[in-house]
Amino acid sequence: MRRMNSSDPRVPIKATLRYLQDLGVPDLPRPRAVEELAIPMVDPVPVNSPEPISIKVMPQTESLASIQADLVNCQRCQLAAGRTNIVFGVGNPQADLMFIGEGPGRDEDSQGEPFVGRAGQLLTKMIQAMGLKREDVYIANIVKCRPPNNRNPEPDEMATCSPFLLRQIQVIQPKMMVCLGSIAVKSLLQTSMGITRLRGQFHEVAGIQVMPTFHPAYLLRNAEKKKEAWEDLQKVMKELGLGVSPR
Ligand code: URA
């Protein structure tokens, strides 16, 4: 599942617009479909220039690897002291769909991969119920290091780490993000509203649709809420044009 040619020189315009929007630059045009932003990335050539016209395609320098390289041995917040592995993210770097959790737990910390414990197994089932494989989507967290004793990440830890998630989003440019649980949704949507009020409706971050839903760990404790979570995922599937898989 992918629609975008990553060698397309027009793509960075969209990424740049979104990046500026995230930085809070006012009065930017809203990011639109890449096809609508069909402006070639070339150096401006003055009219009647005596110089031969040379077209220089600007490279897209940011990649998931370069973001990950910026995190090597990260000591930017106090979570560094207790971590075993930095849990960067996993999946298809060109995914249409991203899942965003809160932060690694014990299993994720020891394996260096998000959502591999019990909650992760439920998330994998949810992804499969959508007719997808784990490798089709991209999975990441707001904070990349495990909070001690699985406490919630502190606001300063999320503020320090979330720019790296935003950069991952800029590179992947998914069509849709599913945000898992209250902590992640408050950080991503910059709101104090809880998940119960936010879930079930599409929101927007940097021009990308966001569907908040319950965290799989919460669903393990409150099985009766699985129905609502599934309704949320069905809305996502409809938006992405995915059919329900036979079960
Ligand atoms: N919970 C999360 O929010 N993220 C993980 O990676 C695992 C559990």
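Matching residues to (1) among the hydrophobic types (A, V, I, L, M, F, W, C); (2) without any contact (Cβ under 8 Å) to a residue 24 or more places away in the chain; (3) surrounded by 15 or more Cβ atoms within 10 Å (Cβ to Cβ); (4) within 26 Å of residue 109 (Cα to Cα):
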| residue | (1), (2), (3), (4) |
| --- | --- |
| 142 | yes, no, yes, yes |
| 158 | yes, no, yes, yes |
| 172 | yes, no, yes, yes |
| 184 | yes, no, yes, yes |
| 191 | no, yes, no, no |
| 208 | yes, no, yes, no |
| 219 | yes, no, yes, yes |
| 235 | no, no, yes, no |
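Can you tell me how many residues within segment 74-97 are over 14 Å from residue 137 (Cβ atoms) and either near the ligand (Cβ under 9 Å from one of its atoms) or surrounded by fewer than 17 Cβ atoms within 10 Å (Cβ to Cβ) (or both)?
So the answer is 10.
Here's the yes/no breakdown for (1) farther than 22 Å from residue 74 by Cα; (2) aliphatic (A, V, I, L, M):
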{"position": "96", "(1), (2)": "yes, no"}
{"position": "110", "(1), (2)": "no, no"}
{"position": "122", "(1), (2)": "yes, yes"}
{"position": "127", "(1), (2)": "yes, yes"}
{"position": "163", "(1), (2)": "no, no"}
{"position": "170", "(1), (2)": "no, no"}
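If residue 180 satisfies all but one of (1) away from the ligand (no atom under 16 Å from the Cβ); (2) crowded, with 16+ Cβ neighbours inside 10 Å, what's the number of the condition it fails?
(1)
Within segment 98-121, take every residue that is more than 10 Å from the ligand (Cβ to nearest atom) and under 19 Å from the mean Cα position of the chain (by Cα) and give me the one that is nearest to residue 145 (Cα to Cα).
Ranking the qualifying residues of segment 98-121, first place goes to 112.
Here is a check on your reading of the model: is residue 243 more than 13 Å from the ligand (Cβ to nearest atom), closer than 19 Å to residue 123 by Cα, small (Gly, Ala, Ser) and in contact with an Asp or Glu (Cβ under 6 Å, 6 or more places away or on another chain)?
No; evaluated as a whole, the condition is false for this residue.
Which members of segment 123-167 meet the condition of being of a type in the set (Val, Ile, Thr) and either at positive phi or within 11 Å of the chain's Cα centre (by Cα) (or both)?
137, 139, 142
Each reported figure results from applying straightforward, stated rules to the coordinates on display, with no laboratory input. Just so it is clear, the model here is predicted, and its values are computed rather than measured. A quick note on method: Cβ atoms are made from the backbone with ideal geometry, for glycine too, and the neighbour counts reach across all protein chains shown.
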